[in-house]
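**Q** I am attaching a structure below and will ask some questions about it afterwards.
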Amino acid sequence: MNKIFAAITAVNAWVPEYRLTNEVLETMVDTTDEWILTRTGIRERRILKGEGQGTSEIGANAVKGLLEKRGIEATDIDLLICATTTPDMQFPATANIICDKIGAVNAFGFDINAACSGFIYAMTTAAKYIESGMYDKVVVVGADKMSSIIDYTDRTTCVIFGDGGGAVLLEPNTEGLGIIDSILKSDGAGRVHLHQKAGGSVKPASHETVNAKEHFVYQEGQAVFRFAVTKMADVAEEIMKKNNLASEEIAWLVPHQANKRIIDATARRMGISDEKVMINIQHYGNTTNGTIPLCLWEWEDQLHKNDNLIIAAFGGGFTWGAIYLKWAYEKK
Ligand code: UT7
């Protein structure tokens, strides 16, 4: 019997309508369009407005469109994994809420929290359920409402992040297409540089934590940058070597969109030219778990069966990793 691989058979994404532009940010904090663009590559980001709208809204919208594209029902889904850092609630899992919203009554769901590397952690986890023969239809959602944990008076973080996300459907493939390899890494010592100080069990929410703005993203940008720029390039190079892949054999690099300078450094190390790198950070900023499905969705028209893709990410934790996958379909 041929080996079973987990292949992406559909991709979709969803972003809220409201665009927060650099020009608007200039009126909110002491920043300039020029600073944001040259230091990060970002021009605008989307913000989810409205009472009672959380990450599950983004995820549910993405999955509804995904099912339509593939022509299947929500009841066909066996498992839904949601990678998110901004769950609707501490519990239950946002995956469960998405399943409820879309009517995936036969699926079980759980969340993965690995910050910006969450989507590749979730893809790798999902693949194991397919490769083992346990399930046939696994949905992986990557979505975040980063605006819910951003301090819009802090110019060092508010210019970077945005809301949005996407989803992929994984199904068994016996033609050797799909997720071929994956390398995942983490180092908890990195948490000092990027975290949310309060709201967890160490420091539950109180008047003091709210007054001290401890429910927002805390990031030491330069320290994170130094790790991100080396680790993302290291792991991308490692997965190429492990799989004997030459630069010319790679059709696309799909990088997490945190900073254009980190993406460029990774591409350079891999020996990949700019036109093979998916970059849409200018439109969405850093949507954390949303960046990779947003790229796959936007570039779906240009992806061909057998294309070699390297997906690479780095994020809070620290967490980082790379996936090597062979694209499995031509868009109809
Ligand atoms: O996705 C999860 C992982 N996260 C990342 O990968 C993010 C990694 N880090 C970065 O992308 C970058 O470090 C940032 C974009 C966050 C910051 O860029 P930077 O080039 O590292 O700037 P910096 O922190 O070294 O700050 C340089 C200067 C500082 O001013 P002084 O001290 O030199 O006077 C900052 O206060 O830029 C200032 N600055 C700003 N100026 C205008 C910081 N933010 C802003 C701003 N507008 N928005």
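**Q** Tell me the carbon and sulfur percent of the accessible area for the chain, rounded to whole percent, probe radius 1.4 Å. Could you put the intermediate results ahead of the total?
**A** Numbers: 7140 of 14250 Å².
On the chain, the fraction of accessible area on carbon and sulfur atoms equals 50 percent.
**Q** Below 8 Å between Cα atoms, with a sequence gap of 6+, how large is the relative contact order for segment 5-176 in percent? It would help to have the intermediate numbers written out before the result.
**A** Values: 369 pairs, mean separation 58.4, N = 172.
So the answer I get is 34 percent.
**Q** Expected output is a single nm value to one decimal: the length gained when fully extending between Thr174 and Asp187, i.e. 0.36 nm times separation in residues minus the C-alpha distance. What is it?
**A** 1.2 nm
**Q** Give me log10 I(q)/I(0) at q = 0.28 Å⁻¹ for segment 96-165, Debye formula, one equal scatterer per alpha-carbon, no solvent.
**A** Each listed q maps to, in turn, -1.29.
**Q** Normalising by the residue count of the chain, find the relative contact order in percent from Cα pairs under 8 Å and 6+ residues apart.
**A** Normalised by residue count, the contact order of the chain is 25 percent.
**Q** Right, next: So what J values fall out for segment 213-229 if you push phi through Karplus, 6.51 cos²θ - 1.76 cosθ + 1.60 with θ = phi - 60°, rounded to Hz, Gly and Pro as x?
**A** Karplus values, whole Hz, x for Gly and Pro: 6, 8, 9, 9, 5, 10, 9, 8, x, 5, 5, 5, 4, 4, 5, 4, 5.
**Q** Students often get this wrong: which residues of segment 195-210 have the backbone nitrogen under 17 Å from the point 7 angstrom along Cα-to-C-beta of Thr153?
**A** The answer is 207-210.
**Q** Leu325 accessible area, nearest 10 Å², 1.4 Å probe?
**A** Approximately 0 Å² for this residue.
**Q** Which of the trypsin sites (Lys or Arg not before Pro) found in segment 118-216 are in a DSSP loop and have at most 15 neighbouring Cβ atoms, other than their own, within 10 Å?
**A** Numbers: sites: Lys128, Lys137, Lys145, Arg155, Lys185, Arg191, Lys197, Lys213; in loops: Lys137, Lys197, Lys213.
Sparse-neighbourhood loop trypsin sites (Lys or Arg not before Pro): Lys197, Lys213.
**Q** Counting only C-alpha contacts under 8 Å and six or more residues apart, can you give the relative contact order of segment 251-318 as a whole percent? Walk me through the numbers on the way to the answer.
**A** Values: 73 pairs, mean separation 33.6, N = 68.
Once divided by the residue count of segment 251-318, the mean separation gives 49 percent.
**Q** Could you tell me whether segment 55-119 comes out rounded, prolate or oblate from its Cα gyration tensor? Rule is a ≥ b ≥ c as square roots of the eigenvalues, rounded for a/c under 1.5, then prolate if a/b exceeds b/c, otherwise oblate. Can you show the working numbers first?
**A** Details: a/c = 1.93, a/b = 1.61, b/c = 1.19.
Because a/c hits 1.5 or more and a/b exceeds b/c, segment 55-119 counts as prolate.
**Q** In sequence order, what are the phi-derived ³J(HN,Hα) couplings for segment 107-116 according to the Karplus relation 6.51 cos²θ - 1.76 cosθ + 1.60 with θ = phi - 60°, rounded to whole Hz, with x for glycine and proline?
**A** With the stated coefficients, segment 107-116 comes to 9, 9, x, 8, 9, 10, 10, 9, 6, 5 Hz.
**Q** What percentage of all Cα-Cα pairs in segment 220-328 are separated by more than 18 Å? Let's see the in-between values first.
**A** On the way: 2542 of 5886 pairs.
Summing the P(r) tail past 18 Å for segment 220-328 gives 43 percent.
**Q** Counting other Cβ atoms within 10 Å, keep those with at most 15, restrict to DSSP loop, and tell me which trypsin sites (Lys or Arg not before Pro) in segment 8-88 are left.
**A** Numbers: sites: Arg19, Arg39, Arg43, Arg45, Arg46, Lys49, Lys64, Lys69, Arg70; in loops: Arg43, Lys49.
Hits after loop and neighbour filter: Lys49.
**Q** Shifting gears a bit: May I ask for the Rg/Rh ratio of segment 243-286, computed from Cα atoms with Rh as the Kirkwood radius, given to two decimals? List each step's numbers first, then the result.
**A** Values: Rg = 10.7 Å, Rh = 10.9 Å.
The Rg/Rh ratio comes out at 0.99.
**Q** Which GluC sites (Glu not before Pro) in segment 1-55 sit in a loop by DSSP (not H, G, I, E or B) and have at most 12 other Cβ atoms within 10 Å of their own Cβ?
**A** On the way: sites: Glu17, Glu23, Glu26, Glu34, Glu44, Glu51; in loops: Glu17, Glu51.
Passing both the DSSP loop test and the Cβ count: Glu17, Glu51.
**Q** Still on this model: Taking every alpha carbon pair in segment 126-256, what does the distance histogram look like in 5 angstrom bins from 0, in percent?
**A** Taking all Cα pairs of segment 126-256, the binned fractions are 2, 7, 12, 14, 16, 16, 13, 10, 6, 3, 1, 0 percent.
**Q** I've got another one for you. Give or take rounding to whole Å, what are the principal axis extents of the alpha carbon atoms in segment 183-232, in descending order?
**A** Principal axes ranked by extent give 39, 21, 13 Å for the Cα atoms.
**Q** In square nanometres and to one decimal, what's the mean projected area of the convex hull around the Cα atoms of segment 5-176?
**A** On the way: hull surface 43.1 nm².
With the hull built on Cα positions only, its mean projection is 10.8 nm².
**Q** Counting only heavy atoms of protein chains, what accessible area per residue, in Å², does the chain have with a probe of 1.4 Å?
**A** On the way: 14250 Å² over 332 residues.
So the chain comes to 43 Å² accessible per residue, rounded to a whole number.
**Q** What translational D, rounded to a whole number of µm²/s, comes out for the chain from Stokes-Einstein when the hydrodynamic radius is the Kirkwood one over Cα pairs, at 25 °C and 0.890 mPa s?
**A** Numbers: Rh = 19.8 Å.
Using the Kirkwood radius from Cα pairs, D works out to 124 µm²/s.
**Q** With the cut-off at 20 Å, tell me which of the pairs Lys145/Lys197; Lys185/Lys241; Lys137/Lys242; Lys64/Lys276; Lys3/Lys128; Lys185/Lys260 have Cα atoms farther apart than that.
**A** On the way: Lys145/Lys197 18 Å; Lys185/Lys241 17 Å; Lys137/Lys242 28 Å; Lys64/Lys276 29 Å; Lys3/Lys128 12 Å; Lys185/Lys260 22 Å.
Among Lys145/Lys197; Lys185/Lys241; Lys137/Lys242; Lys64/Lys276; Lys3/Lys128; Lys185/Lys260, the Cα-Cα distance tops 20 Å for Lys137/Lys242; Lys64/Lys276; Lys185/Lys260.
**Q** Any chance you could get the radius of gyration and Dmax over the Cα atoms of segment 21-62, in Å?
**A** In order Rg, Dmax, the Cα atoms of segment 21-62 give 13.7, 36 Å.
**Q** Still on this model: Only bridges with both residues in segment 5-176 count here: give the DSSP antiparallel percent, nearest 5.
**A** On the way: 21 of 31 bridges.
Here the antiparallel bridges make up roughly 70 percent for segment 5-176.
The values are calculated or read from the model by the stated rules, or taken from the named source; none is laboratory data. Everything quoted here is computed from the prediction, not taken from an experiment. Here Cβ is always computed from backbone atoms with ideal geometry, including for glycine, and neighbour counts include all displayed protein chains. To get the accessible areas, we keep the full protein, side chains included, count just its heavy atoms, and leave off ligands, DNA and RNA. Shrake-Rupley method; radii C 1.70, N 1.55, O 1.52, S 1.80 Å.
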